[in-house]
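To start, the structure under review is shown below, and the notes come after it.
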Amino acid sequence: MLRPSPVVVVAALLVACKPSRSDSPEPHPVATATAAEVASSMDRAADPCQDFYRYACGGWIDATPLPADQPRFGRFHALRERNNLAVRGILERAAAREGDKLGQFWDSCTDEAGIEARGLATIEPLLARIDATGATGSTGSTQNTSPLFALLGELHLRRVGVLFDLDVQPDYKQPGTNLAFFSQGGLGLPDREFYRGAEARLTSLRAAYLAHVARMLELSGMPGDAAAKAAADIVAFEARLAEAALPREALREPETRYHKLDRAGLDAHAALPWASYFEAIGRPDTLAVSLAPATYFPALAEILASTPPVTVRNYLRWHVLHAAADHLPSAFVQANFEFYGKALRGQAELAPRWKRCVEHADAAMGESIGREFVADAFPARSRDVALAMIKEIEAAFAVGLPSLTWMDPATRTAAEGKMHAIANKIGYPSKWRDYGALPIVDDHLANVAAAAQFEMARQVSEIGRPVDDERWHMTPSTVNAYYNPSGNEMVFPAGILQPPFFHHEWPMAMNFGGIGMVMGHELTHGFDDSGRKFDGDGMLREWWAPEVGARFEERAQCVDDLYSGYEVQPGVHLSGKLTLGENIADLGGIKESHRAYLQWAEANGVDPHAEAMDGLTHEQLFFVAFGQIWCTKSTPENDQVMAMTDTHSHPRYRVNGPLANLGEFSTAFACEAGEPMRPTDTCEVW
Ligand SMILES: [Zn+2]
């Protein structure tokens, strides 16, 4: 999963967990309801050695319609739906309290009449300032772009993604200190390839995108003909930005994402009015930044120099409308959905307002919600159980190191040292964010903008300052987890420490197949193609013997080739390079959690080959529980977009890929050599 290591994400309906022990000597009987759900989700007629995903998930897939308001839905998403309902309850309770900010946010978001009546009033001043900006002159001189860059700084503080992105993260070479990272960005389509590809689907999406940009401009008051002309110029401008950008695959290399320059170096590298930008974000004292990929910014300077100012102004207007779209009157919301939901993702219906408001509230004040979510759904003992499981997974990783013949003793020792240095964060942060200075008023869009500014102002204030190790990059109710290479830390929000990943009353085979695999996955991210380049202190440096690094690369290439051969749908292949880190993490994660389960079973007198339920042994149940996490339905449109943009493989291959490369799986299901789930050639990294 997930973020910085890209990086991967239940009250009323959530069963509150009671105290439990992960070291209970008794194998838990599979609770009747759980057993029934496991069994009904399977397709026992399918052959587990032919297609294990079908075997584990066939029943669920056949019985579960894709909800009209989602482009992809799995058991993973079903948990998110339950968490959303819990958060809704929290927000409604907050709304019943006088003067509660969360409640005020909720009230303003659900006040559709107020939003309709306000129209564009909240962003009119900003749009007027864009129109009044000199933007670029035809020569693109520094003097002419200064007002543009001042405005750009302001837009970035509002999280409007124009021209490039700003992110504040630990310095890769000095992980105790924050650095501003400027990176390629500013596109309205999901990836540069959408502007370039010649396939019919991409061509028609580009036409739909052009029409959408025109529609939004028209809704904002631009006459139809002018809007059509402006949209054509905007899309052509974005296509030039896309041309200057590198493919996603290339950005997997940390060295490509990091290019540190001091102020003089910055001015020399890309002649843009950086001083105006730093002034606008309130940090004229910024001494250094990372500008990466290095080739993007000189190209951006050239593009700006050769673009008419009116096109840049229209481009900014479009992106302000785009960023605000879901918070504006229904005509904007609907137009936004027609393109981004329906055309791009194949989603049939717009999600109901309450669900969107839950997400907006979580983005705005997630830790305020998280505090209550944790109180409702995450008792202290769950944290202990999860931590005990992580220790078992770490032990399993360490036990496996000596058998990795491609490593030398020195690198193996260093890897074990890095593993022991990983900080584990479980459930919720030790220090809660204080939203006291965030102004919440009776205007939904103003609240969203204020929350974005509140967050970005904090980030920007930390440029050049020490990293706060207690900060979380996901909110507690999130169904996800992440490994952060700069902090050398794994983070598991309370939102994922729930069924179908985890439950204290479940057989441990299911917990290890579920959250145990997620833990192994995150741990392995510390050693994937990107994570391995950071040491135990989070510093980007070469700590591997060169020949060991070369042998790692050979093994990684095996995984790359394997996944590149997987088809999501006829003619649509996964990108083995884009998904490499996640696939290495999936392969290592299931192996470590399986080993950890066997160690746990042995220590607790459980026979993994004894029947657990319905003819399945405990060990087989481990694999079924793992497979069932990924039972998923999705639209073909969405699968295509994900194949181009997602660092994670399609769920079918997140199950079948790792299992086909794990000998213990084929033994557990007595698969014969040469069957699809037991190929003769396999890949192994960790
Ligand atoms: Zn991951």
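The values are calculated or read from the model by the stated rules, or taken from the named source; none is laboratory data. Everything quoted here is computed from the prediction, not taken from an experiment. Every residue, glycine among them, receives a Cβ derived from its backbone with ideal geometry; neighbour counts consider all protein chains shown. Remember, those area values only see protein heavy atoms, side chains included, never the ligands or the DNA or RNA. Shrake-Rupley method; radii C 1.70, N 1.55, O 1.52, S 1.80 Å.
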query: Out of all the residues in the stretch 594-615, is one or more open to solvent by 10 Å² or more (accessible area, probe 1.4 Å) and within 29 Å of the chain's Cα centre (by Cα)?
result: yes
- request: Show the residue pairs that are 6+ apart or on different chains and have beta-carbon atoms under 7 Å apart, the first residue being within the stretch 139-163 and over 16 Å from ILE123 (Cα atoms) and open to solvent by less than 10 Å² (accessible area, probe 1.4 Å), the second being of a type in the set (Val, Ile, Thr) and at pLDDT below 95.
  value: THR145/THR136; LEU148/THR133; LEU148/THR136
query: Of everything in the stretch 588-607 that's out of contact with any His (no Cβ under 8 Å at 6 or more places or on another chain) and small (Gly, Ala, Ser), which residue is nearest to the ligand (Cβ to nearest atom)?
result: SER593
statement: Heads up, the helices (runs of 4 or more DSSP H) in the stretch 242-343 (entirely inside) with at least 1 residues that are of a type outside the set (Ser, Thr, Tyr) and more than 30 Å from ALA226 (Cβ to Cβ) are 254-257, 263-269, 274-280, 296-305
- line: GLY549 passes all but one of the listed conditions (1) more than 20 Å from the chain's Cα centre (by Cα); (2) at pLDDT 95 or above; (3) not in a helix (DSSP H, G or I); the exception is number (3)
- request: Could you look through the stretch 561-587, keep only residues that are more than 20 Å from PHE397 (Cα to Cα) and within 16 Å of the ligand (Cβ to nearest atom), and pick out the one that is most open to solvent (accessible area, probe 1.4 Å)?
  value: LYS577
message: Return the pair list, or none, for Cβ contacts closer than 9 Å from residues in the stretch 36-49 that are more than 16 Å from ILE629 (Cβ to Cβ) and open to solvent by less than 20 Å² (accessible area, probe 1.4 Å) to residues that are assigned to a loop (DSSP other than H, G, I, E, B) and basic (Lys, Arg), at least 6 apart or on different chains.
response: CYS49/ARG678
statement: Scanning the stretch 474-517 residue by residue, those open to solvent by less than 10 Å² (accessible area, probe 1.4 Å), within 16 Å of the ligand (Cβ to nearest atom) and aliphatic (A, V, I, L, M) turn out to be VAL479, ALA481, MET490, VAL491, ILE496, ILE515, MET517
- request: Could you please let me know if VAL399 is open to solvent by 10 Å² or more (accessible area, probe 1.4 Å) and more than 25 Å from LEU438 (Cα to Cα)?
  value: yes
- prompt: If the Cβ limit is 6 Å and pairs must be 6+ apart or interchain, which residue in the stretch 569-590 that is farther than 13 Å from GLY520 by Cβ pairs with which residue that is small (Gly, Ala, Ser) and open to solvent by 20 Å² or more (accessible area, probe 1.4 Å)?
  reply: GLY576/SER564
task: Check whether at least one residue in the stretch 526-536 is away from the ligand (no atom under 15 Å from the Cβ) and open to solvent by 50 Å² or more (accessible area, probe 1.4 Å), and report yes or no.
output: no
query: Across the stretch 43-59, what is the total count of residues that are more than 27 Å from the chain's Cα centre (by Cα), under 17 Å from ALA670 (Cβ atoms) and part of a helix (DSSP H, G or I)?
result: 1
- prompt: Checking GLY520 against (1) part of a helix (DSSP H, G or I); (2) open to solvent by 30 Å² or more (accessible area, probe 1.4 Å); (3) within 16 Å of the ligand (Cβ to nearest atom), which single condition isn't satisfied?
  reply: (2)
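Condition check ((1) open to solvent by 60 Å² or more (accessible area, probe 1.4 Å); (2) among the aliphatic types (A, V, I, L, M); (3) more than 28 Å from PRO636 (Cβ to Cβ)) across all residues:
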| residue | (1), (2), (3) |
| --- | --- |
| LEU166 | no, yes, yes |
| TYR172 | no, no, yes |
| GLY176 | no, no, yes |
| ASP191 | no, no, no |
| LEU210 | yes, yes, no |
| GLY221 | yes, no, yes |
| LYS229 | yes, no, yes |
| ALA236 | no, yes, yes |
- line: If we keep only residues of the stretch 371-399 that are in contact with a strand residue (DSSP E or B) (Cβ under 8 Å, 6 or more places away or on another chain) and in a helix (DSSP H, G or I), then the residue farthest from SER477 (Cα to Cα) is ILE390
query: Would you pick out the residues in the stretch 402-426 that are open to solvent by less than 70 Å² (accessible area, probe 1.4 Å) and in a loop (DSSP other than H, G, I, E, B)?
result: LEU404, TRP406, MET407, ASP408, ILE422
task: Taking ILE369 as the residue in question, decide whether it is within 16 Å of the ligand (Cβ to nearest atom) and open to solvent by less than 20 Å² (accessible area, probe 1.4 Å).
output: no
message: Looking at the stretch 243-255, can you tell me whether even one residue there is within 30 Å of TYR172 (Cα to Cα) and in contact with an Asp or Glu (Cβ under 7 Å, 6 or more places away or on another chain)?
response: yes
message: Quick check on my filter: what residues within the stretch 524-546 are part of a helix (DSSP H, G or I) and more than 20 Å from ASP646 (Cα to Cα)?
response: ARG532, LYS533, PRO546
- prompt: Does any residue of the stretch 351-366 turn out to be modelled with pLDDT under 95 and part of a loop (DSSP other than H, G, I, E, B)?
  reply: no
